[in-house]
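Q: Below is one structure. I have some questions about it.
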Amino acid sequence: MKILIICDMFPPAFGPRMGYLCKYMQKAGWSPTVITEQIPNQTFEFLCGDIPVIYISYYKAKGKVLKKLEWIGVQILDLFFKYKDRKLIQTANQTLKAGGFSGVLCSTYRTFPLTAAQQVAHKHDLPFIADLRD
């Protein structure tokens, strides 16, 4: 069975349980696919193994000043237009077109990407499970 996992960070350096969960799921015959935000310097990259992970990069600028300006721009776009959620939903919809998914799991400690994951599950008529850390 295939499951789409949408995380704010994967595997998060401060709590690698989603990485371990994916490994246990694979041993039980599940096929997890993860969609997450691209975060540099991930401490627990070894947990990704052969799990398909789709990284969404919201930031591409090079240079200290441009990075700060881009970060501000993305935050404003996200605040007023839900930019990060929209980009994640678009990626998740493309992934789910392959078919065969049995559900959507979202793991996060904040509201992003909880709303996006719920919308994706609803659109594709899939069961939705939320793991709210902390």
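Laboratory data are not the source of any read-out in this text; all were calculated from the coordinates shown. Everything numeric in this text was worked out from a predicted model, so none of it was measured. Here the Cβ is made from the backbone with ideal geometry for all residues, glycine too, and neighbour counts use every protein chain on show.
Q: Please grab the % of Cα pairs in the chain that end up more than 25 Å from each other.
A: Details: 2247 of 8911 pairs.
Across the chain, Cα pairs with separations above 25 Å total 25 percent.
Q: Just tell me which lysines come within less than 25 Å, Cα to Cα, of Lys23; anything on the same chain fewer than 8 places away is out.
A: Within reach: Lys2, Lys97.
Q: Measure nothing but the geometry: give the 0 to 90° angle between the long axis through the Cα atoms of 114-123 and the longest principal axis through the Cα atoms of the chain, rounded to 10°.
A: On a 0 to 90 degree scale, this one is about 50.
Q: Within region 98-134, which residues have the backbone N less than 16 Å from the label spot 7 Å out from Ile39 along Cα→beta-carbon, could you tell me?
A: Under cut-off, by backbone N: 106-114, 131-134.
Q: Take every Cα pair under 8 Å in region 56-134 that's 6+ residues apart, average their separations, divide by the length, and report that relative contact order as a whole percent. Spell out each step's value before the answer.
A: Working: 74 pairs, mean separation 19.9, N = 79.
This gives 25 percent for region 56-134.
Q: Find, among the trypsin sites (Lys or Arg not before Pro) in region 60-125, those assigned to loop by DSSP (not H, G, I, E, B) with at most 14 other beta-carbon atoms within 10 angstrom.
A: Details: sites: Lys60, Lys62, Lys64, Lys67, Lys68, Lys82, Lys84, Arg86, Lys87, Lys97, Arg110, Lys123; in loops: Lys60, Lys62, Lys82, Lys97, Arg110.
Of the trypsin sites (Lys or Arg not before Pro), the ones in loops of region 60-125 whose Cβ has at most 14 other Cβ atoms within 10 Å are Lys60, Lys62, Lys97, Arg110.
Q: Around Leu69, with a cut-off of 13 angstrom between Cβ atoms, what is the net charge of the other residues, counting Lys and Arg +1 and Asp and Glu -1? Write out the running numbers ahead of the final one.
A: Numbers: positive: Lys60, Lys62, Lys64, Lys67, Lys68; negative: Glu70.
Residues near Leu69 contribute +4 overall.
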